[in-house]
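Down below is the structure, laid out as C-alpha cells.
Please treat every number below as a calculation from the coordinates, not as lab data. Note that this is a predicted model, so its numbers are computed, not measured. For neighbour counting, all protein chains shown are included, and Cβ atoms are generated from backbone atoms with ideal geometry for every residue, glycine included.
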Amino acid sequence: MLWLSSPDQSAAALPAVWLVATDHRPATLAERSALRRGLARTILAAQFNLEPDDVRIEHEPGGRPVIAAPLGSGLHVSLATRAGLVALALTHGPVGVDVEQIDIATQPPLAALHPSEQAMLQALPAPARPLAFAQLWSAKEAYVKALGTGFRRPPESFEVRLAGLDGFAVEDPDRPGAPARGISRIIKNGGHETMAAAFIQLA
C-alpha cells in the first residue's frame, strides 16, 4: 500500500492513495468537485505518462467515478475532498477513499451510526470522541463508495470497528463472510487541520 503526497508522483505498484494538500478552500460543492477532478486528472496523467487533457473521468449513474480515458486501463478510482485536501485511490478492484476533518467543536451525530459504533463513542472520554468519529465516518464513506452506492446505503446499517489509528474492519449483514478490512491514517492538511483518511478495497 503506497501513500503519496504530490500530484506529480507516480505509483510503482498498486494499490496507492494520493493525499494532496492544496491552498484552496472550496466554498461550494461545485468548487470542491472542480478541485477534485482537476487534481485527479493531473495525478492520473502522471501515472499514465500522459498530458492532463488526455485523461477523462466520468461517473456511473450511482455517482462512482470511472476512468473514461485512457481506455482499457482496467483500474478503479475513488476521489474525495475536504478542507482543500484531495484524496485519490487507484487500485485493481472496487475501491473507496474518504477524508474527514476532525472537528473538536461539534458533537458527533450518534443517530447516523450503528448501535455498536454509538456505544463505542459514548464509552470514550469526551476529548477522544471527535477523532474516533472522524475515523468512523471516513471509513463508512469509503466503504459505501467502494460498494458504489454512496449513502443511499444507510450508514447505520453496517458496523465499522476501529483497530488503532491505522486500520478498521466493516461488518455488513448484506455481505456475509469475513469482514472487509481497510486502512486509516491521521494527517495534517498542510500543517493546519487534522484530518482522518480511510481506504478500502473490496474483493
Note down the relative contact order for segment 1-137 as a percent, whole number, built from C-alpha pairs under 8 angstrom at least six residues apart. 20 percent
In segment 28-151, if the dipole is taken from +1 on Lys/Arg beta carbons and -1 on Asp/Glu beta carbons about the Cα centre, which of Asn49, Gln101, Ala146 is farthest to the positive end? Gln101
Among residues other than Gly164 whose Cβ falls under 15 Å from its Cβ, what is the net charge (Lys/Arg +1, Asp/Glu -1)? +2
Projecting the Cα atoms of Ala128, Gln201, Ala112 onto the charge dipole of segment 90-203, where Lys and Arg contribute +1 and Asp and Glu -1 at Cβ, the residue farthest towards the positive end is Gln201
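Of the listed peptides 186-194, 24-32, what is their order by residue-averaged count of other C-beta atoms within 10 Å, with the highest listed first?
Working: 186-194: 13.8, 24-32: 12.2.
With the highest mean Cβ count within 10 Å placed first, the list reads 186-194, 24-32.
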Kyte-Doolittle mean at least 0.0, axial Cα span of 24 Å or more - DSSP H helices of the chain: 29-48, 129-147
I need the peptides 55-64, 175-184, 130-139 ranked by packing, meaning the mean over residues of other C-beta atoms within 10 angstrom, with the highest value on top. 130-139, 175-184, 55-64
Using only the Cα atoms of the chain, each taken as one equal point scatterer with no solvent, compute I(q) by the Debye sum, divide by I(0), and report log10 of the ratio at q = 0.09, 0.14 Å⁻¹. -0.32, -0.79
On the Cα set of segment 148-203, report Rg and Dmax in Å, please. 13.2, 41
Lys, Arg +1 and Asp, Glu -1 on Cβ, resulting dipole of the chain about Cα centre, debye, nearest 20: 100 debye
Given labels modelled 7 Å from the Cα in the Cβ direction, how far is it in nm from His192 to Asp54? 3.5 nm
